Amino acid sequence: MGLLSILRKLKSTPDQEVRILLLGLDNGGKTTLLKQLASEDISHITPTQGFNIKSVQSQGFKLNVWDIGGQRKIRPYWRNYFENTDVLIYVIDSADRKRFEETGQELAELLDEEKLSGVPVLIFANKQDLLTAAPASEIAEGLNLHTIRDRMWQIQSCSALTGEGIQEGMNWVCKSVNSKKK
Amino acid sequence: MKLKRFHLRYYPPGIILEYEKKGCLRSKSIDLFDLTPATNPDELVAVIRQSEPLITESRANQVKQLILRLQQKQGQKNHRFCFIKELKAHVLPLTNVAFDKSGSRFLTGSYDRTCRVWDTASGTELHRLEGHSNVVYAIAFNNPYGDKVATGSFDKTCKLWSAETGVCFHTFCGHTAEIVCLAFNPQSTLVATGSMDCTAKLWDVETGEEVAALIGHTGEVIALCFNTVGSQLVTGSFDHSVSVWDVASGERVHTLIGHRGEITNVQFNWDCSLIVTGSMDTTCKLWEVVSGECVATLAEHKEEVLDVCFDLSGQLIATASADGTARVFSATTHQCLVTLEGHGGEISKICFNPQGSRILTASSDKTARLWDVQSGSCLQVLDGHTDEIFSCAFNYEGDTIITGSKDNTCRIWY
């Protein structure tokens, strides 16, 4: 519904609606993940120039997922979307070792953002279908995830292509929203 | 009383009389909304003379010439739009687009936090209005003057700029959530803003001060419109209600209750007697301004009504729906006159050309379409955008179109 859908999803979400922000470097698989969640065709996905929004039903929640483009030139605009976020999902290309440092830095900056303070974070160690993919444990160590103490966090290995691991991650999202609301 | 001179108003058709009364210069308008190229001008002059004593025998021929000019203007039809230019306007999706009165310049708002002022003929960027710290969502020129621009942002502020130099005159601070709609009053002395904080506010263009807070809605205020004379403002809200406000006092005159879903757009007709509202409840309602009564419910769409508008003369109403169709209704009989079918997705924006002979629609199917109001047939498919079209607009002459898309570009057609 055009611009109205943006306003509708912007407004303070009632109890059963959850606003999820999907971030990560370009080519990490955010849009593929989003489409996989919505059970849509994933064969022709191009770099996201702006954003995609989808609503997905899961475990009694309506998850409004905002997938924001990850290219360097549009990363400064991520903060446009921070407000009212319930859960942050950060997607990492586990096979792109060259960019682990860059992705770690972006994540650290996100966790420092005031508007995202206390927001639970799920890290998807994506592209586990590739042989060269680093295991989630190695990524967790590399990113010093164990030093995060101001929020709930979780790392989940997955493949957006095959769908493996995604449901487990989303289960954690629903669980963390539940425990936050209590 | 002494008639001094005539002014011509092309859209909606009318003749403005400037006359002297007790030493003061005054004006009044003769509205000719029923005028068509087929109208007999001599008969029309005779009808006007019956009710208008200022038009004396000696002036009759002059009036006839003016009527012929208006008819000539209406005769310009069958304009076929050609794609002229794609502007890679922004690094992130566009929000709204707007023309100045002449159509020589237009505005684009974007998720990249800027608003840009463009020269229509050359497609060059005249000014980049930078300063907002979040999405620039609502934009407007102070038409008919066109020397100022207002921008409303998700950063909760509204800014007033010089359209000539790009300098920011004022930043209106006071809303506590995103600003999502705004309008200048016709005199260009006030800006009205609507916000996700459930209020609307009026701001003084000259001083930059808040003039009034319009408090009463219990949901987000997402649409607003001044009437033609600037005495009233109508606001539509996600709380399912519509409010009419007296601009001078800031008091609420009416609350229009009846919709069973979020309001999507609101508009006054030209003579300020009616308000049309569209809603997520799939209907569109027509309200009488004086009484605040609902006079008609237009319930023909199968899904949400996403946009609604009057033509400039206020005779017709166009509705756009998530069901992929648009419809045209008579504002007097409330009958559905034509259904515009062809889009392959939701229609989120609709507008008439100033002549009232064409309709432009913007859709999620990545096309905009031009329709003939009389027959309801699709005259042109404006395609080329690679993502959903969020906004579209005609200029005052009705010979130029701009479309703004989620693909970060806008396109000019004429």
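Points worth noting:
- Listed residues A:35, A:73, A:127, most fluctuating in chain A (Gaussian network, C-alpha, under 10 Å): A:73
- Taking all protein chains as they are arranged and a probe of 1.4 Å, the heavy atoms of residue A:1 leave approximately 40 Å² accessible to solvent.
- Given R0 = 22 Å, the distance between the Cβ atoms of residue A:168 and residue A:27 translates into a calculated FRET efficiency of 0.45.
- Gap separating the Cα centres of region B:58-109 and region B:141-166, nearest whole Å: 21
- Mean separation of Cα pairs under 8 Å and 6 or more residues apart, divided by the residue count, gives chain B a relative contact order of 11 percent.
- Anisotropy class of region A:3-181 from Cα gyration tensor, a/c 1.5 cut: rounded
- Estimated inter-spin distance, residue B:204 and residue B:291, nm [label 7 Å along Cα→Cβ]: 3.9
- The accessible area of residue B:86, taken with all protein chains in place and a 1.4 Å probe, comes to roughly 60 Å².
- When B:128, B:49 are compared by accessible surface with a 1.4 Å probe, the order from highest to lowest is B:128, B:49.
- For the protein assembly as shown, the Cα-based Rg and Dmax, in that order, read 26.5, 95 Å.
- Positions from region A:1-44 whose accessible area shrinks by 50 Å² or more when the full protein complex is built, not the chain alone, probe 1.4 Å: A:1, A:2, A:3, A:4, A:7, A:8, A:10, A:11
- For chain A, modelled as a GNM whose springs connect Cα atoms under 10 angstrom apart, the maximal fluctuation among A:43, A:55, A:157 occurs at A:43.
- Heavy-atom accessible area order for B:95, B:332, B:228, largest first, 1.4 Å probe: B:332, B:228, B:95
- Unsatisfied cross-links (Cα-Cα over 30 Å) in the set A:11/A:98; B:201/B:302; A:9/B:85; A:30/A:98; B:2/B:148; B:21/B:285: A:11/A:98; B:201/B:302; A:9/B:85; B:2/B:148; B:21/B:285
- Value of [θ]222 nm, deg cm²/dmol, for chain A, DSSP H segments ≥ 4, -39500 (n - 2.57) each, nearest 500: -8500 deg cm²/dmol
- Modelled this way, with points 7 Å down the Cα-to-C-beta line, the labels at residue B:83 and residue B:119 are 2.4 nm from one another.
- Net charge of the neighbourhood of residue B:172, taken over other residues with C-beta under 15 Å away and scored Lys/Arg +1, Asp/Glu -1, is -3.
- Most mobile of B:188, B:243, B:133 in a GNM of chain B (Cα contacts under 10 Å): B:133
- Ordered by solvent-accessible area of protein heavy atoms (1.4 Å probe), largest first, the residues A:151, A:97, B:113 come out as A:97, B:113, A:151.
- Part-to-part distance (alpha-carbon centres) for region A:144-182 and region A:63-112, which is given in Å: 15
- Solvent accessible area, Å² - residue A:41, 1.4 Å probe, full protein context: 100
- Listed residues A:136, A:116, B:89: farthest to the positive end of the dipole of the protein assembly as shown (Cβ charges): B:89
The values are calculated or read from the model by the stated rules, or taken from the named source; none is laboratory data. As the structure is a computational prediction, the values presented were derived from the model and not from experiment. Every residue, glycine as well, gets a Cβ built from its backbone with ideal geometry; the counts of neighbours run over all protein chains shown. Protein only, heavy atoms only, side chains kept; ligands, DNA and RNA dropped before computing areas. Shrake-Rupley method; radii C 1.70, N 1.55, O 1.52, S 1.80 Å.
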